[in-house]
Amino acid sequence: MEALFWFLVLVGTPIALAYRRTNLATSTVVIGAVLVAYTLFGDGWLVKLVLWILFAGLALLNAKAFRRDALTRRLLAVYRTMLPSMSKTEQEALEAGNVWWEGELFSGMPDWGKLMSLPAPALTPEEQAFLDGPTEELCRMLDDWEVTHELADMPQRVWEFLKRERFFAMIIPKTYGGLGFSPLACSMVLAKIASRNATASSTIGVPNSLGPAELLLHYGTEEQKQRWLPRLATGEEVPCFALTSPRAGSDATAIVDTGVVCRGTFEGQEVVGIRLNWEKRYITLAPIATVLGLAFKLYDPDHLIGDQDAYGITAALIPTNLPGIEIGRRHFPINIPFQNGPTRGKDVFVPLDAIIGGPKMAGHGWRMLVQQLAVGRGIVLPSNALGGAQAAMYASGAYCRIRRQFGLPIGKFHGVGEALARLTGLAYIMKAASRVTCAALNAGERPAVAAAILKYHNTEMARQVANDAMDVHGGKAIMLGPKNYLARNYESVPIAITVEGANILTRNLIIFGQGAVRCHPFVRAEIEAARDEDRARGLDAFDDLVFRHIGYALSNAARSFVMALTLARFTNVPSSGPARRYYQHVNRYSASFALAADAAMLTLGGELKRRETLSARLGDILSYLYLTSMVLKHYRDQGEPLEDLPLVEWCCRTLLYRTQEQLHGLLRNFPNRAVAALLRIAVFPRGRTYSAPSDELGQQIAELVINPTATRERLADGIYKAPDPENPVGLLQQALELAEQMKPIERKVFEARRAGVILAEDTPGQIAEAEAKGVLTAEEAAAVRAFDDTVMALTGVDDFDPSELGAARRRGEREAAAASAGA
Ligand SMILES: Cc1cc2nc3c(=O)[nH]c(=O)nc-3n(C[C@H](O)[C@H](O)[C@H](O)COP(=O)(O)OP(=O)(O)OC[C@H]3O[C@@H](n4cnc5c(N)ncnc54)[C@H](O)[C@@H]3O)c2cc1C
């Protein structure tokens, strides 16, 4: 018994100290005191001897000079050999933006106060008025079938409206004639438009994202801003930004488009300028652009602007009416016909002040792009994805209520309910992530890793939502035509997946790659210390950092182990409500993640960059923890409504379960098996104990969306749901509300059928018989008949005369016939 007591004291004390992150000096004193007590009152001289030897080592670590010279110097030499090689462009990409909540998750001990003190997102009255006014009106004007099938473009009246209402100028400050909206407002406007029409939201997204306006605002000279921004704001100038070329897609720094500094004539005057040659593709708005933001590599062989031969990637603004520019042809992006196309330039001469920011910004193009993309990718694409998912959720819930098979609304079948629960839960996560991250952006944060997480996960979740929505709709979603409100959204999904950093690359390289350097509390500073040319200063700084880092890693091991053993029941979190356990699990997995990340970096070093699947798993874990936190904060921002709790539980359980499984996958694939075994003890001492959401929880969620509930409305908040005759999503909601009212009437018909009073098989026949036999009054019969007509209209699909399809083929046949008649 006594031996057990001492064992617990001797093992428990260092674990408790590490768990609480007690510093080295205090820990040494406390452990020394425990050892003295054990020496005086405990048994076993050999154990005492070993412990005192270990303690002597610990005590020596407090002697900084000894530690630095005996240990750190060697550690630093090894560390330098492990540093990943990093190009200047990679470094610029890694350094973009700042660190926000992701950094807390990386610490293994998140300070929830930092997240919870963030004000709930709110629009200004002016932004709200824009959402309720011009945005609502725009949605009303957009006819998806007209845009995607009949015109393969938005109609002229829509283009004019967009320019007049300054939809292209949401990010341009009012001083330059723009709307000067916050990130939240941009996000909500885009999500609403995306809930109606993907072509319009893609078109509007580009000028409000990484493009000429954004670059001018941050890097342009005042003269350039005055020249371009007011005309971009009114739509007089239509911008595009051209980076991608046929040989350089994801690896955009490999562009071979060139600008050579030389003398030439511009507007009748001999000036020093740039002769440009380029070939670009996939450029959104290029076919109609009047000003082209161009990324190219700048060379100055005659040293006309400095003493360098080559400056690297540079960004310039090129009016598209200059001689030598080929522009106007269109690509056809997967049936979402926003303006997108190639552009080429042959010996196009522009003056030096075409460079954004002027000649001093020569060679800074890549830094400019990645810095803006670092934040921008968290707004436009995630918001477009969110709007599509919200609309799919809203429509699917109602459809599954009014569509009956086997005598029941299809949403009542558990298989359909499972898909409904998934698409609803994912839509909730997407909304939470968008709203809370935008609130952080509104508050001035610039979280690059969070933006990458949103870009990847919102667009991937949108893919799953689109698939599920298609499945629960069956054939209704497959038959294209004006009545199909889902298929174009489904088709649009790969666009957001591909642009602004294609998703495979974003998951495998960016999220953890950038997170490890930017969010880790020590890694970046250690790298800087290791690269410090003043070796003595570097050693001093490295010594301090590396021992704090070791303490941090030990602490994470202790925290992970203790919280895994206790299922995190005793960790402090800022909630005593029903969501409390999810906060606690985030704490637990944050410690496990920080430990695993450290172990991966320590054992693999620069090799981790090439082990993409390991990096991807670590990125997933960080992402799931980030998204769980967003769900919890969003729930709190909404006042923690009890009815939404099943949804919050589903989201948190799904994300935390995936966290556990990715941790497990990481350990299974961890190259150093001995380290993997130790990690498994610290991370899963009781095995994998966390469960995915239950089937029953899924059914509760299905009920929340196939009925006209407050939860359903809250989740669809912000989408276009006006019940106008052209908007099936709004009409479905009306039908859903009617379905509730029809319940007692339908019940009467059902009972009469069961009693053998009504014999007809089809619904219209049953209604007629019920009226004739007095089961229903005339008003009841009329109401239920009208409801049935509504259901048949909403579940109906389009059909076409053969001559209405295959227009191009027929035109060719006609032209051939005319040609042969002429001959
Ligand atoms: C509709 C649309 C609009 C666009 N608009 C613009 C625009 O306005 N301006 C502009 O400049 N560009 C634009 N683009 C280009 C877009 O940014 C590129 O398509 C994107 O960068 C990917 O390049 P890629 O298509 O050549 O694919 P690739 O680079 O060939 O990549 C193919 C696949 O390989 C993966 N991959 C590549 N390298 C790695 C790696 N190291 N690790 C893991 N996976 C990797 C990618 O993730 C992708 O899945 C647009 C593209 C589309 C489709």
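The values are calculated or read from the model by the stated rules, or taken from the named source; none is laboratory data. Small disclaimer: the values here were computed from a predicted structure and weren't measured. All Cβ positions, even for glycine, are placed from backbone atoms using ideal geometry, and neighbour counts span all protein chains on display.
Total residues in the range 657-685 satisfying the condition of being among the charged types (D, E, K, R) and touching a helix residue (DSSP H, G or I) at 6+ places or on another chain (Cβ under 6 Å): the figure is 2. When you look at residue 261, is it hydrophobic (A, V, I, L, M, F, W, C), more than 10 Å from the ligand (Cβ to nearest atom), in a strand (DSSP E or B) and over 20 Å from residue 212 (Cβ atoms), yes or no? Yes: the conditions hold for residue 261.
Out of the residues in the range 226-240 that are under 28 Å from residue 306 (Cβ atoms) and without any contact (Cβ under 8 Å) to a residue 60 or more places away in the chain, state the one that is farthest from the ligand (Cβ to nearest atom). Before you say what the answer is, go through the steps one by one.
Of the residues in the range 226-240, the ones under 28 Å from residue 306 (Cβ atoms) are 226-228.
Checking the rest, the ones that are also without any contact (Cβ under 8 Å) to a residue 60 or more places away in the chain come to 226-227.
Values: 226: 25, 227: 22 Å.
The extreme case among them is 226.
In the range 269-331, counting only strands (runs of 3 or more DSSP E) that sit wholly within it, the ones holding 3 or more residues that are more than 16 Å from the ligand (Cβ to nearest atom), out of contact with any helix residue (DSSP H, G or I) (no Cβ under 9 Å at 6 or more places or on another chain) and more than 17 Å from residue 243 (Cβ to Cβ) span 269-284.
Name the residue that is surrounded by the most Cβ atoms within 10 Å (Cβ to Cβ), counting only residues in the range 364-380 that are at pLDDT 90 or above and under 12 Å from the mean Cα position of the chain (by Cα). Let's see the steps before the verdict.
Taking the range 364-380 and keeping what is at pLDDT 90 or above, we get 364-369, 377-380.
Filter again for under 12 Å from the mean Cα position of the chain (by Cα), leaving 377-380.
Numbers: 377: 25, 378: 31, 379: 25, 380: 26.
Only one residue fits best here, namely 378.
Selection over the range 557-584 of residues that are closer than 18 Å to residue 691 by Cα, free of Cβ contacts under 8 Å to residues at least 40 places away in the same chain and not β-branched (Val, Ile, Thr) gives a count of 6.
Has the range 489-504 got at least one residue that is away from the ligand (no atom under 16 Å from the Cβ), part of a loop (DSSP other than H, G, I, E, B), closer than 22 Å to residue 182 by Cα and not small (Gly, Ala, Ser)?
No, because not a single residue in the range 489-504 is away from the ligand (no atom under 16 Å from the Cβ), part of a loop (DSSP other than H, G, I, E, B), closer than 22 Å to residue 182 by Cα and not small (Gly, Ala, Ser).
On the basis of being closer than 30 Å to residue 216 by Cα, part of a helix (DSSP H, G or I) and in contact (Cβ under 8 Å) with a residue 40 or more places away in the chain, does residue 115 make the cut?
Working: closer than 30 Å to residue 216 by Cα: no; part of a helix (DSSP H, G or I): yes; in contact (Cβ under 8 Å) with a residue 40 or more places away in the chain: yes.
Against the criterion (closer than 30 Å to residue 216 by Cα, part of a helix (DSSP H, G or I) and in contact (Cβ under 8 Å) with a residue 40 or more places away in the chain), residue 115 does not qualify.
When you look at residue 513, is it within 16 Å of the ligand (Cβ to nearest atom), at pLDDT below 95, of a type outside the set (Ser, Thr, Tyr) and outside any helix (DSSP H, G or I), yes or no? No; evaluated as a whole, the condition is false for this residue. Looking at this structure, is residue 430 within 21 Å of residue 627 (Cα to Cα), without any contact (Cβ under 8 Å) to a residue 60 or more places away in the chain, buried (at least 24 other Cβ atoms within 10 Å of the Cβ) and not basic (Lys, Arg)? So residue 430 passes the test. Going through (1) under 27 Å from residue 726 (Cβ atoms); (2) part of a helix (DSSP H, G or I) one by one, residue 482 falls short only on (2).
Any residue at all in the range 551-565 that is crowded, with 17+ Cβ neighbours inside 10 Å and either closer than 16 Å to residue 79 by Cα or in contact with a Cys (Cβ under 8 Å, 6 or more places away or on another chain) (or both)?
So in the range 551-565, the residues crowded, with 17+ Cβ neighbours inside 10 Å come out as 551-564.
Filter again for either closer than 16 Å to residue 79 by Cα or in contact with a Cys (Cβ under 8 Å, 6 or more places away or on another chain) (or both), leaving none.
No, the range 551-565 contains no residue that is crowded, with 17+ Cβ neighbours inside 10 Å and either closer than 16 Å to residue 79 by Cα or in contact with a Cys (Cβ under 8 Å, 6 or more places away or on another chain) (or both).
For the range 703-731, the tally of residues that are more than 28 Å from the chain's Cα centre (by Cα) and surrounded by fewer than 21 Cβ atoms within 10 Å (Cβ to Cβ) stands at 6.
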